[in-house]
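The block underneath contains the structure these notes are about, expressed in structure tokens.
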Amino acid sequence: MKTITRIWKVNGEEKTVKVPPMRRLLDVLREDLGLKGAKEGCGEGECGTCTVLINGAPMVSCLIPAGQVRDGTEIMTVEGLEKTEGGRLLQEVYADKGSAQCGFCIPGMILSSYALLSRNPNPDEAAIREAHAGNLCRCTGYQKIVEAVQAAARKWPGNK
Amino acid sequence: MKFLEDMDCAFPKNLQEALKLMADEKSRGRPIAGGTDLMVQWSSGVLPMPERAIDLSGLPELKGVSENTDSVVIGAAVTHAEMRRSPIVQVHLPSLAQAAATIGGAQIQARGTIAGSVANASPAGDLGPSLLITNGRVVVASKAGEREIELAKFFLGYRKIDLQPDELIVRFILPKIHAGCRESFRKLGPRAAQAISKVMGSYRGSAKGKEVKDFAVALGSVAPIPIRLPEFEQWIVGKEIGKKVLDEAEQRVAAMIKPIDDIRSTAEYRQWVSGRIVRGFLEELVAE
């Protein structure tokens, strides 16, 4: 089995991986780096629970061959959230609003929230719903997730 | 059973290197960029896994959106997210910007590319109609040189495009919408995001008052490839848009297409919705 070496910044820490080039990023994160936060739901890019941020943009890690992730890429998983001010805020409001029920979608959902607010700290409801459209949740009906993002926006670092 | 881990992948640094790999049967591989279709098709067994993939996502020659006087030039590896956010695409190819914004969700839009969508050649590919209404062209390259093909002739049949084994799609040349013209995109699926379309369509046209001056219309998911409706386009030009013409237009479109029943919809529903979509386009075209 051929392997390829890649050096990434995962949740702020430099990590070197030696992996088959077509191994899914999701498997590298979970199996090789022990970051079990990103979940495998559908494995087809439909459900969004394996979402991670690649240089700040949400992407589904089940469809990314690890070799395509270039050296120096910044990857953020749900484990990295608490290292950021915005991430800690999102954890708080998701808990306050009761935005998680079974919780399986949340690792991806909350990263989509983080990516949205980082790019647009004042989204309207349509923008919030669109930014989370790639994350399926079968429990909440999404309303409490939207409310959490609205609450986070009001206190977002930089938004007075 | 083969696993993704067993597949090799080459990472050429520029287009020349990629074309060299593609030129030789021994080094050739399946081109991959965003992987949003291929990774699913390989994992599920819909497509057999090749020995090797060739990663095109990092090739600088395939990136970027630019414009000249008449056309917008879009690199093969430009993503749906880049298209929907590009001011050039938004202004000069509004239907394409709208279509790119409806594909999957943010996660898919950040990865999937224009050439990937075209090369996947699904009848339900969301970009097809928006590309066809421009009368645009696609440029493909091999080690021997470049070749330019009308997009209308590039889609050959179900999941078949006019691309040789040693060729790569490099860019799209898409004529801009003229001043005074309108265009837009409409799609119908079970939900707004993450859904494969039952029917989708695009139009580009102009009107003087209620009279149709120009009209190009294309539909997707109603045939093995995205299609224009040339007979309908000829018929509608010169007509005054009113209830009678709209009713007849709707009937004509429904009668003209031959969609199929499949897991996503029925032929009958697709015919009806196609008529309604084109009716909406005509209403929009002549709206104040």
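The trypsin sites (Lys or Arg not before Pro) of the stretch B:1-105 meeting both criteria, a DSSP state outside H, G, I, E and B (loop) and at most 14 other C-beta atoms within 10 angstrom of the site's C-beta, are B:Lys2, B:Lys13, B:Lys26. Here the Debye sum runs over all C-alpha atoms of the stretch A:4-77 as equal scatterers in vacuum, and log10 of I(q)/I(0) at q = 0.19, 0.26 Å⁻¹ comes out as -0.67, -1.32.
Simple point charges give the picture: +1 on the Cβ of Lys and Arg, -1 on the Cβ of Asp and Glu, and for the stretch A:4-77 a dipole about the Cα centre of about 140 debye. Quote the relative contact order of chain B in percent (integer), defining contacts as alpha-carbon pairs under 8 Å separated by 6+ residues. Answer for chain B is 15 percent. Shape call for the stretch B:19-85 from the C-alpha gyration tensor, a ≥ b ≥ c root eigenvalues: rounded (a/c under 1.5), prolate (a/b greater than b/c) or oblate? Judged from the Cα gyration tensor, the stretch B:19-85 comes out oblate (a/c at least 1.5, b/c at or above a/b). Inter-chain neighbour count for B:98-108: the average number of beta-carbon atoms from partner chains within 10 Å of each residue's beta-carbon is 6. Spin-label model, B:Val46 to B:Lys244: label points 7 Å out along the Cα-to-beta-carbon direction sit 4.7 nm apart. For the stretch B:132-231, trypsin sites (Lys or Arg not before Pro) are listed when DSSP marks them as loop and at most 10 other Cβ atoms sit within 10 Å of their Cβ; the list is B:Arg191. Averaged over the residues of peptide B:253-263, the number of Cβ atoms from other protein chains lying within 10 Å of each residue's Cβ is 0. Only DSSP H runs of four or more residues enter the estimate; each adds -39500 (n - 2.57), and after division by the residues of chain A the mean residue ellipticity at 222 nm equals -9000 deg cm²/dmol.
For the stretch B:60-175, the Cβ-based charge dipole about the Cα centre amounts to some 280 debye (Lys, Arg positive; Asp, Glu negative; other atoms uncharged). For the stretch B:24-127, what is the relative contact order in percent, using Cα pairs closer than 8 Å and at least 6 residues apart in sequence? After rounding, I find 25 percent. Take every pair of alpha-carbon atoms less than 8 Å apart whose residues are at least six positions apart; their mean separation over the length of chain A yields a relative contact order of 23 percent.
Gap in Å between the Cα centre of the stretch A:1-47 and the Cα centre of the stretch B:133-202? Here the two parts' Cα centres lie 33 Å apart. GNM on chain B, alpha-carbon springs under 10 angstrom: the most fluctuating residue among B:Asp262, B:Asp162, B:Asp247 is B:Asp262.
A simple count of charges around B:Asp6, restricted to other residues whose Cβ falls under 15 Å of its Cβ and scoring Lys, Arg +1 and Asp, Glu -1, yields +2.
Peptide B:114-126 has a mean shielding of 0, counted as Cβ atoms of other protein chains within 10 Å of each residue's Cβ. What you get for the stretch A:73-160, charging only the Cβ of Lys and Arg (+1) and of Asp and Glu (-1), is a dipole of about 140 debye around the Cα centre. For the protein assembly as shown, a/c is not less than 1.5, where a ≥ b ≥ c are the root eigenvalues of the C-alpha gyration tensor, and a/b does not top b/c. That puts it in the oblate class. Within chain B, all pairs of alpha-carbon atoms sorted by distance into 10 Å bins from zero give the percentages 6, 28, 34, 21, 8, 2, 0.
Here, each number is a calculation from the coordinates, and none is a lab measurement. Just so you know, these numbers come straight off a predicted model, no measurement behind them. Virtual Cβ from ideal backbone geometry, glycine too; neighbours counted across all protein chains shown.
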